[in-house]
Amino acid sequence: MDEFKALRVIQEGPVLRVELNSPETGNAVSGTLLDELLTVLSTLQDDPGSRVLILSGAGDDFCLGGDRAEFAEFLAADPTGASLRTLGKKARRVCDALATADVVTIARLHGGVIGAGLALAVFCDLRAGADDCRFRMPELALGMPPAWGGALPRLMQEAGAARVRELLLTGNNFDAATAVELSVLHKVVPVEELDDAVQQWVRPMVRRSPAALRTAKVMLNAYGGANRLADTTLLDAELMTSALTAAAAASRHR
């Protein structure tokens with residue numbers, strides 16, 4: 001998979017390792033990265049040999065959020081926001097693909113896990129973090145709604161509505177210990193032990209039947225969404241685009 005620009009992808013038997021690989025930008029989530037993640041995740045639909053996908057980040061941080069420079073470029077080229085809308089729809093597809101993949105998805109987290117990076121992480125089945133992790137939901141401080149990839153209801157489901165409300169409205173950082181309390185992380189270890197912690201999950205899973213894993217994932221997703229009357233996350237791309245185009249228009253007319 002040498003053709004990828006924003007990812008490093010390595011197949012190790014039943015384990016597929018996917019590393020966000022733009023450390024110079026803090027592994028910012030760009031359109032290219034989303035396209036490449038969609039390509040990788042689509043290959044798993046017809047791959048009976050894979051059991052586990054490990055999602056990690058190169059450099060000092062897992063992911064520092066969306067590529068704001070790309071947002072600005074899209075708005076400058078097309079003030080109507082069509083390109084942003086397309087980007088938002090891709091984000092929703094990536095997050096849905098992570099949640100519904102036939103394999104077990106594991107997020108291996110370290111450093112900054114911010115905004116869109118936090119969204120990618122919470123859509124993974126299991127999340128292990130180094131003790132240097134720092135998390136934040138910066139959308140309101142950036143003048144954006146919390147509308148990216150369907151992450152808000154997923155976070156509320158995983159961590160609880162009351163705490164997510166506090167973290168979103170304040171924009172406060174929270175550390176790995178707090179993330180464990182909120183179930184944003186399943187386990188936290190010293191950074192030098194992170195790979196071993198992930199492997200403790202991987203070892204039994206690679207012995208599981210692919211059919212059994214797939215059925216378990218379908219059941220977990222079905223039961224997790226049983227009380228939702230409508231999937232309002234489909235509005236995320238529109239909400240994000242409307243907010244950013246309005247902000248850009250107001251800035252031009254000052």
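The values are calculated or read from the model by the stated rules, or taken from the named source; none is laboratory data. Keep in mind that this is a model prediction, so the values were computed, not measured. Positions of Cβ are generated from backbone atoms using ideal geometry, with glycine treated the same way; all protein chains shown enter the neighbour counts. Protein only, heavy atoms only, side chains kept; ligands, DNA and RNA dropped before computing areas. Shrake-Rupley method; radii C 1.70, N 1.55, O 1.52, S 1.80 Å.
No other residue among A121, A159, A91 is at pLDDT below 95 and open to solvent by less than 10 Å² (accessible area, probe 1.4 Å) apart from A91.
Selection of the range 151-174 for residues being in contact (Cβ under 8 Å) with a residue 40 or more places away in the chain, in a helix (DSSP H, G or I) and under 19 Å from F62 (Cβ atoms) yields A151, R154. Taken over the range 60-98, the criterion of being over 26 Å from P153 (Cβ atoms) and either hydroxyl-bearing (S, T, Y) or in contact with a strand residue (DSSP E or B) (Cβ under 9 Å, 6 or more places away or on another chain) (or both) is satisfied by D60, T80.
Residues in the range 143-164 that are charged (D, E, K, R) and under 24 Å from L37 (Cα atoms): R154, E158. Filtering the range 22-57 to residues that are over 29 Å from P145 (Cβ atoms) and open to solvent by 10 Å² or more (accessible area, probe 1.4 Å) leaves T43, Q45, D46, D47, P48, G49, R51.
Quick check: is even one residue across the range 60-69 open to solvent by less than 20 Å² (accessible area, probe 1.4 Å), closer than 17 Å to H110 by Cα, modelled with pLDDT of 95 or more and not in a loop (DSSP other than H, G, I, E, B)? Taking every residue of the range 60-69 in turn, at least one turns out to be open to solvent by less than 20 Å² (accessible area, probe 1.4 Å), closer than 17 Å to H110 by Cα, modelled with pLDDT of 95 or more and not in a loop (DSSP other than H, G, I, E, B).
Every condition in (1) in contact with a Phe, Trp or Tyr (Cβ under 9 Å, 6 or more places away or on another chain); (2) surrounded by 19 or more Cβ atoms within 10 Å (Cβ to Cβ); (3) at pLDDT 90 or above holds for D96 except the one numbered (2). Taking each residue of the range 81-99 that is part of a loop (DSSP other than H, G, I, E, B) and looking for partners that are at pLDDT below 95 with beta-carbon atoms closer than 6 Å, six or more apart or interchain, yields G81/T241; G81/T245.
Could you look through the range 210-231, keep only residues that are surrounded by 11 or more Cβ atoms within 10 Å (Cβ to Cβ) and outside any helix (DSSP H, G or I), and pick out the one that is modelled with the lowest pLDDT? Within the range 210-231, the match that is modelled with the lowest pLDDT is R228.
The condition of being over 28 Å from S50 (Cα atoms), modelled with pLDDT of 95 or more and in a helix (DSSP H, G or I) holds for only one of A141, A177, that being A177.
Tell me whether the range 40-51 contains one or more residues that are modelled with pLDDT of 95 or more, of a type in the set (D, E) and not in a helix (DSSP H, G or I). No. Only residues that are touching a residue at least 60 places away in the same chain (Cβ under 8 Å) and either open to solvent by less than 40 Å² (accessible area, probe 1.4 Å) or on the phi > 0 side of the Ramachandran plot (or both) were counted in the range 134-150, giving 8. Taken over the range 180-205, the residue count meeting the criterion of being open to solvent by less than 40 Å² (accessible area, probe 1.4 Å) and part of a loop (DSSP other than H, G, I, E, B) is 3.
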